[in-house]
């Protein structure tokens, strides 16, 4: 547990199931995340880890069970979904920046249209965020004109601009060249120390060991093992986990 | 160290320069290209020799200046022409203001329009009128000169307004929303001014020439575009009823030739709805628009499908609702990627307006037809067709050119 973690639950998942046609992706996930908690989710590809965090802001619909985010239950009620999306920021593997808008406008769009900020206020906040990300000088360029690491930091700033309570990271460094991974991880580390609740799907085990409060290991749609990083890496209980750790740490 | 210096001193390889070098490289480089070049030159020589000889010796171009007003407005009453000038004044003021306020692409095109007007201001149409056109009566020619002089007076005012509005727009940039509103309102106002009311009303059956062509085309383009976007979004809808209705409409309209739709508008609607009459020109405007919207919808749908799913997801994750994510994220990207197809549709629509000639409207093509059948201008059909072809070409080429500039402005392919 880090110094920011509280005992207030902010995300409660109860027996969450999800199918893609006949394929059972999530087979009853039950877990609770506390305010300020940093959870790293890992597992082989196809294990359902990405699908799981995408159900939390309803980019994927779960088909059984309940998910409650900050006291609001996720249902088909559009108002609830929009409320939750304002509280949950998301960072994607492929950045998904809006290519037709400058980096600054990528960030100010949400605050102006959803939070109804004035253009001046939104730009002020956006520039402050870019400063925090260390890329204030890239504000007026287009996403295609900056490096991958810089794009991902713009994407993080875009999510933060909505002042979310929770940040979801879906393999944020997997599409990056090796020398750019650290600049994104630095920003995420800084964010973690600021007390943000974070759910991070990643293969960066060094980051998990250093920053996470809890590491969850997904395989075939279930949580095989979850533990504090020290226990998880040094004393894994399940054979499947041991295999995964030995394979990921080998290279 | 020496090697490094050497590397920096290496010059790029040189290629043959100058016009001779260019010719050798591009036209005569291997021997078979030289042969192809010669054959092509020979072909061009014969084609152009025939064309130019005809154009400068046999062709009698006086049919054009003598009927200029007919080409422009068809049978619109000559004593009511001032109304058309009022409409042009409204458009010139709006164009001038827009150019002053927005600069960039609008300004460049306003300068083009202004230059064309200036050219018209100084071209002496009267001199082109040959002495040997003895078939034209003295009285008619006098009238013609008088009309041309009068046109110049109005044209002078038009150019002055355009320039004046431009400088006004440069001063007062706050006018933006008002100018946009002005453009929206301009169409109904112009229709009203052209038609008028009471005993001076000019029925739409008297509208014609380029005027009618432009009314049909502009209405078709301006209305079919948003309608097409709407239909495309409906066809992508998750709600089956909306999706099916939209798909049914698009497929039905695309499966029918425009000419049948025009005939339906012209002949069938008065039979089906005999209780009141809808104006013929209005029916054609609607028919052309509905036809074009179906094609537009498919063009736009192509653009929508090219937008990666991640863009929708990112827009949702930021908290944008459906309308916002369409307006600010998806449509701007989708539309700019299909600008060539959309403008292609605009161009097709512009040319297709000539089909209204078949149901009895006297658009630019109809005017051409009526001039040719006039015994006074017997045998002058090639000149007339070439002239209207040039008019159609100038408008279509302008649209094509403008679309390229808009693409460059929006950075298509760059970001």
Task: Output for the stretch B:280-315, where each listed residue is surrounded by fewer than 17 Cβ atoms within 10 Å (Cβ to Cβ), part of a helix (DSSP H, G or I) and either touching a helix residue (DSSP H, G or I) at 6+ places or on another chain (Cβ under 6 Å) or within 14 Å of chain A (Cβ to nearest Cβ) (or both) - done: B:309, B:310
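When the stretch B:316-327 is examined, which residues are found to be within 8 Å of chain A (Cβ to nearest Cβ) and either in a helix (DSSP H, G or I) or touching a strand residue (DSSP E or B) at 6+ places or on another chain (Cβ under 6 Å) (or both)?
B:316, B:317, B:318, B:324
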- [ ] Check the stretch A:21-35 and report whether any residue there is more than 18 Å from residue A:218 (Cα to Cα) and under 17 Å from the mean Cα position of the chain (by Cα).
- [x] yes
Task: Test: residue B:178 is modelled with pLDDT of 95 or more and surrounded by fewer than 19 Cβ atoms within 10 Å (Cβ to Cβ) - done: no
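Listed here are the residues, each with its yes/no results for (1) in contact (Cβ under 8 Å) with a residue 12 or more places away in the chain; (2) closer than 29 Å to residue B:401 by Cα; (3) buried (at least 16 other Cβ atoms within 10 Å of the Cβ); (4) touching a strand residue (DSSP E or B) at 6+ places or on another chain (Cβ under 6 Å).
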{"residue": "B:56", "(1), (2), (3), (4)": "no, no, no, no"}
{"residue": "B:65", "(1), (2), (3), (4)": "yes, yes, yes, no"}
{"residue": "B:70", "(1), (2), (3), (4)": "yes, yes, yes, no"}
{"residue": "B:87", "(1), (2), (3), (4)": "yes, yes, yes, no"}
{"residue": "B:101", "(1), (2), (3), (4)": "yes, yes, yes, no"}
{"residue": "B:104", "(1), (2), (3), (4)": "yes, yes, no, no"}
{"residue": "B:113", "(1), (2), (3), (4)": "yes, yes, yes, no"}
{"residue": "B:118", "(1), (2), (3), (4)": "yes, yes, no, no"}
{"residue": "B:121", "(1), (2), (3), (4)": "yes, yes, no, no"}
Task: the stretch A:92-105: number of residues that are more than 9 Å from chain B (Cβ to nearest Cβ) and surrounded by 23 or more Cβ atoms within 10 Å (Cβ to Cβ) - done: 1
TODO: Mind listing whichever residues of the stretch B:328-343 are without any contact (Cβ under 8 Å) to a residue 40 or more places away in the chain, more than 9 Å from chain A (Cβ to nearest Cβ) and assigned to a helix (DSSP H, G or I)?
DONE: B:330, B:334
Open item on the list: Quick test for you: out of B:392, B:357, pick the one residue that is more than 14 Å from chain A (Cβ to nearest Cβ), at pLDDT below 95, in contact with a helix residue (DSSP H, G or I) (Cβ under 7 Å, 6 or more places away or on another chain) and buried (at least 16 other Cβ atoms within 10 Å of the Cβ).
Closed with: B:357
Task: Selection count where residues are under 21 Å from residue B:311 (Cβ atoms) and either modelled with pLDDT of 95 or more or more than 9 Å from chain B (Cβ to nearest Cβ) (or both), scope the stretch A:114-128 - done: 2
Open item on the list: For the stretch A:47-62, check the following and say yes or no: at least one residue is away from every other protein chain (no Cβ under 11 Å) and over 18 Å from residue A:14 (Cα atoms).
Closed with: yes
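The values are calculated or read from the model by the stated rules, or taken from the named source; none is laboratory data. Keep in mind that this is a model prediction, so the values were computed, not measured. Every residue, glycine as well, gets a Cβ built from its backbone with ideal geometry; the counts of neighbours run over all protein chains shown.
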